[in-house]
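Colleague: Before anything else, here's the structure in question.
Rule-based calculations on the coordinates, nothing more; no lab input. This is a predicted model, so every value here is computed, not measured. No Cβ is skipped: glycine too gets one built from the backbone with ideal geometry, and neighbour counts run over all protein chains shown.
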Amino acid sequence: MQFRFLNKKIQHKRFDYSPMYYDERKERLELKKSEYRKLESEELSSTERQAILRQNMQNSWSRSQHASKAKSTSNIRIVILISIILVLGYFIFSGLDEVDIVVKKIM
């Protein structure tokens, strides 16, 4: 009598998985190409044209908001770096003895 569970070979399971790649930039480009083709052939109705215009305005608005936010963070970083350089310059020109006094006061 054979015990099947004792003689069974363990085999690894195989999966047939092919990952999907999503390129958002390429998708937007294809959408714009199709919109321009429709605009040239005049297949769009007035409501579709308004929807395209709204989408374009929304995209330009979000880009300008992103740019202004990047500028403000850049400006803050520059102000912080300049202040650090000024403080270090003050301590270098006034003497290193005062550094110990300031550090002791802070701590």
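Colleague: Evaluate the charge dipole of the chain about its Cα centre and quote only its size in Debye, nearest 20, assuming +1 on the Cβ of each Lys and Arg and -1 on the Cβ of each Asp and Glu.
Modeller: Magnitude of the dipole: close to 760 debye.
Colleague: Same structure, new question: Could you tell me which residue out of N59, L39, M20 lies farthest along the dipole of segment 15-85 toward its positive end? Charges go on the beta carbon: Lys and Arg +1, Asp and Glu -1, centred on the Cα centre.
Modeller: N59
Colleague: So which chymotrypsin sites (Phe, Trp or Tyr not before Pro) in segment 11-99 are both in a DSSP loop and have at most 13 other Cβ atoms within 10 Å of their Cβ? Intermediate results must be reported in sequence, preceding the final value.
Modeller: Numbers: sites: F15, Y17, Y21, Y22, Y36, W61, Y90, F91, F93; in loops: F15, Y17, Y21, Y22.
Taking segment 11-99 and a limit of 13 other Cβ atoms within 10 Å, the loop chymotrypsin sites (Phe, Trp or Tyr not before Pro) found are F15, Y17, Y21, Y22.
Colleague: From the phi angles alone, apply the Karplus equation (6.51, -1.76, 1.60; θ = phi - 60°) to segment 59-76 and give each ³J(HN,Hα) in whole Hz, x where the residue is Gly or Pro.
Modeller: 5, 5, 5, 5, 5, 5, 5, 5, 5, 5, 5, 5, 5, 5, 5, 5, 5, 4
Colleague: Now for a separate question. If you bin every alpha carbon distance in segment 16-107 into 5 Å steps from zero, what whole percent lands in each bin?
Modeller: Values per bin, smallest distances first: 2, 10, 9, 11, 9, 8, 8, 7, 6, 5, 5, 7, 5, 4, 3, 1.
Colleague: Among the GluC sites (Glu not before Pro) within segment 34-92, which fall in a DSSP loop and have no more than 12 other Cβ atoms within 10 Å of their own Cβ?
Modeller: Working: sites: E35, E40, E42, E43, E48; in loops: E42, E43.
Sites meeting the loop and neighbour criteria: E42, E43.
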